[in-house]
Amino acid sequence: MQPQADPFIVPVCNEEIEVLFQDEHLLLISKPSGLLTLSGKHPLNKDSVHFRLVKNSPTATMLHRLDFGTSGILVVALNKKVNAHITKQFQARNVVKTYTAILHGHLTDDEGCIEFPIAKDKPNFPLQKICSVTGKKAVTYYEVIERLQEPFATRVTFSPISGRTHQLRIHSREIGHPILGCDLYATDEAFVMATRLMLHATTIEFDHPVTGERVKGFSPSPF
């Protein structure tokens, strides 16, 4: 029997969650990089967005997640009815999101579309893989914000049409421009060019489940 790998213990995150909007139905919050969205199985990985929120809002439930290293905007439901309503909007792709990222190198085109089907890489959990046989359709639009010389990188806005696990991280790698600081898909060079994953959930839009008004959330990128 092979020895089990040591569990990953997340570093302590001292940054606070920022509340961007709140009413009796939902929250819009900005998650810092280095904080789990949901608590891990290991007792030392208890701290998370959800763990912190339920102290003051016991009915809070997470509608979607951001990777541990990704910062930015999240929608939180405060009751089951709201959770179900916004979940259906996610499924119908009525929820529109954009991300800011810094990619290694200079992209040639000012905008474009990345389409590679994504599947679980089961032997190498939690990695995902590009697979035309078992992968699910994944589409990402990008637009260049600026090309940087120091570091040699490109700041972009990502607009994902689908919401696959690690979609932006693996799509960036697949076009030869991994996200700086990405521990799973970047080259060694791109990984050490940043002290964190340079990916931030910047905007989100959806219909308010009670008023029907379009909610437009914004969390400015810290980089």
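Only the coordinates and a few stated rules stand behind these numbers; no lab work does. On a predicted model such as this, the values are computed, not experimentally measured, just so you know. As a convention, Cβ positions derive from the backbone with ideal geometry for all residues, glycine included, and neighbour counts pool all protein chains shown.
Couplings for segment 144-156, taken from phi via the Karplus curve 6.51 cos²θ - 1.76 cosθ + 1.60 with θ = phi - 60°, read 6, 8, 6, 9, 9, 9, 9, x, 6, 7, 10, 8, 10 Hz in order; Gly and Pro are left as x. Close amide H partners of Lys136, meaning residues 5 or more places away or on another chain with modelled amide H under 5 Å apart, are Ile118, Ala119.
Straight-line cross-link partners of Lys31 among the lysines, defined as a Cα under 21 Å from its Cα and at least 8 positions apart when in the same chain: Lys41, Lys46, Lys55, Lys97, Lys216.
So for the chain, averaging the separation of alpha carbon pairs under 8 Å that are six or more residues apart and normalising by length, what relative contact order in percent results? Let's see the in-between values first.
On the way: 471 pairs, mean separation 42.4, N = 223.
Averaging sequence separation for qualifying contacts and normalising by length gives 19 percent for the chain.
Counted over the chain, the DSSP beta bridges are approximately 95% antiparallel.
What the phi angles of segment 170-180 give under the Karplus curve with 6.51, -1.76 and 1.60, with θ = phi - 60°, is a coupling list of 7, 5, 4, 4, 5, 8, x, 9, x, 6, 4 Hz, glycine and proline written as x.
Would you mind finding the longest exposed-site-free stretch of the chain, with exposed trypsin sites (Lys or Arg not before Pro) meaning DSSP loop and at most 12 other Cβ atoms within 10 Å? Within the chain, the longest run free of exposed trypsin sites (Lys or Arg not before Pro) spans 138-223.
Counting only the backbone N, which residues of segment 88-108 are under 12 Å from the spot 7 Å out from the Cα of Ile145 toward its beta-carbon? From segment 88-108, the list is 98-103.
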